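To start, the structure under review is shown below, and the notes come after it.
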Amino acid sequence: MTDPTPADDHRAVGAHFGDLVAGVVDWDAPSPVPAWRARDVVDHLTTWFPGFLAAGSTVALPPGPPAADDPVGAWRHQYDAVQALLDDPATAELTLTNPHLGELPLAAAVAQFYTADVFLHSWDLARASGREPGLDEDRCAAMLAGMEPLDEMLRASGQYGPRQAVADDAPASDRLAAFIGRDPAWRA
């Protein structure tokens, strides 16, 4: 089986996150990320990425509603905008330039940084809303294998908490959550 295209990958990961968004009952519930509520998970994804794109490419995502006021609308708006970008054949010609990453095809940058972040934060939003994350265990194992060699650099970025202890034979989703600084047993 071939790897999905960045558009297909975003479509699947974003749709799963969208299902989680649609099921949130209490947007002020705590999340596994210290000091974040459920709505802050959506806010994070809808605020960092437009600036990342604008700073490194000619792409400006249209602004949507703020997650503080309308987390469901904010997610739907961003999901649709990013999907339209990835579905546009002209995107294949675009690049993203970043002082830390160099130059990458835009679609690959979206997949590597944004879609991966949506996937990881699906765990947070699911837990904040009292549900199981339902993450693909093979993808979790692959992400963990790719991230583990970068452990020191990722921790130094300040974007990941301290690695949590978890059994070696725990499900890949628990091991990935523990790697990025989440307690796999955390519940709202």
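Each value in this text was obtained by applying a stated rule to the coordinates, not by laboratory testing. Bear in mind that the values here come from a model prediction, so they are computed numbers and not experimental data. So basically every Cβ, Gly included, is an ideal-geometry build from the backbone, and we count neighbours across all protein chains shown.
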Once you charge only the Cβ atoms, +1 for Lys and Arg and -1 for Asp and Glu, what is the size of the charge dipole of the chain about its Cα centre, to the nearest 20 debye?
420 debye
Quote the charge dipole size of region 136-183 about the Cα centre in Debye, to the nearest 20; the model charges only the Cβ of Lys and Arg (+1) and of Asp and Glu (-1).
240 debye
Please give me the summed charge of the neighbours of ALA7: other residues whose Cβ is under 11 Å from its Cβ, Lys and Arg +1, Asp and Glu -1.
-3
Rank LEU144, ALA177, LEU96 by how far each Cα sits towards the positive end of the charge dipole of the chain (+1 on Lys, Arg Cβ; -1 on Asp, Glu Cβ) and give me just the farthest.
ALA177
Share (percent) of C-alpha pair distances in the chain greater than 26 Å works out to 31 percent
Can you grab the distance from the C-alpha centre of region 128-167 to the C-alpha centre of region 1-46, Å, no decimals?
15 Å
